[in-house]
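Notes follow the structure.
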Amino acid sequence: MANVFVDEMKCVDETGTGIDEWTSDDVYLLLFRGSIPTGVNLASQTEFTVTGPGSFWNEMDDGDRRTRDVAVAAYDPKSLYVVQLIEQDNGRDVADDATAAYRSALNLAWTGALARTVGQAPVQRADVLAGTISDALRSLHTIYMGVPKQGNDDPIGRPQRLSLPTRQVDRGARLPRR
């Protein structure tokens with residue numbers, strides 16, 4: 001089985017505000033993968049993983065570029081992938097109970113979107129599913145990162161749907177360079 005890799009990470013602006021912070025950023029990645037069933041079948045497998053920061057994506061300053069293959073998921077050409085980069089301020093907000101809550105909420109959103117898209121063309125169905133997961137991730141960030149007592153990590157940009165090549169399975173599919 002091939003994998004999906006992050007092979008390069010570049011810190012353009014560590015705060016996203018153009019203001020240099022006194023500390024470096026640690027980055028972690030949220031990844032949702034859902035297999036897209038065909039026809040009226042609603043049976044689907046999903047996966048939600050949190051990767052990093054580890055020793056590879058920690059202490060990043062403006063202009064830092066890290067290159068190393070980091071496997072983040074198994075590759076399945078019939079699956080949809082949505083990722084979100086998160087800047088870690090103190091302890092990782094999406095950990096332990098929060099990871100389980102993300103997983104449950106994303107599975108619920110996925111199942112609802114599958115039911116709403118029965119009979120749609122595969123491309124339309126995938127677009128709706130990706131939009132649903134992106135919206136769910138943004139909502140979860142509001143709860144787990146926006147409420148002061150819950151956490152203080154910051155999403156970096158918006159959740160992104162990955163477009164993975166179907167021929168690059170011998171070494172693994174790669175996330176787009178950032």
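Remarks
- Centroid-to-centroid separation of the stretch 53-69 and the stretch 107-123 [C-alpha atoms, Å]: 36
- Across all Cα pairs in the stretch 27-81, the calculated P(r) in 10 Å bins from zero up to the longest distance comes to 20, 39, 24, 12, 5 percent per bin.
- Mean separation of Cα contacts under 8 Å, 6 or more apart, over the residue count of the stretch 88-163: relative contact order %: 42
- Using C-alpha pairs under 8 Å with a sequence gap of at least 6, the mean separation divided by the residue count of the stretch 23-122 gives a relative contact order of 39 percent.
- The HN-Hα couplings worked out from phi for the stretch 27-39 by the Karplus form 6.51 cos²θ - 1.76 cosθ + 1.60 (θ = phi - 60°) are 10, 10, 10, 9, 9, 10, 10, x, 7, 9, x, 9, x Hz, whole numbers, x standing for Gly and Pro.
Coordinate-derived values only; no laboratory data. Note that the coordinates shown come from a computational prediction; the quantities given were computed from them, not determined experimentally.
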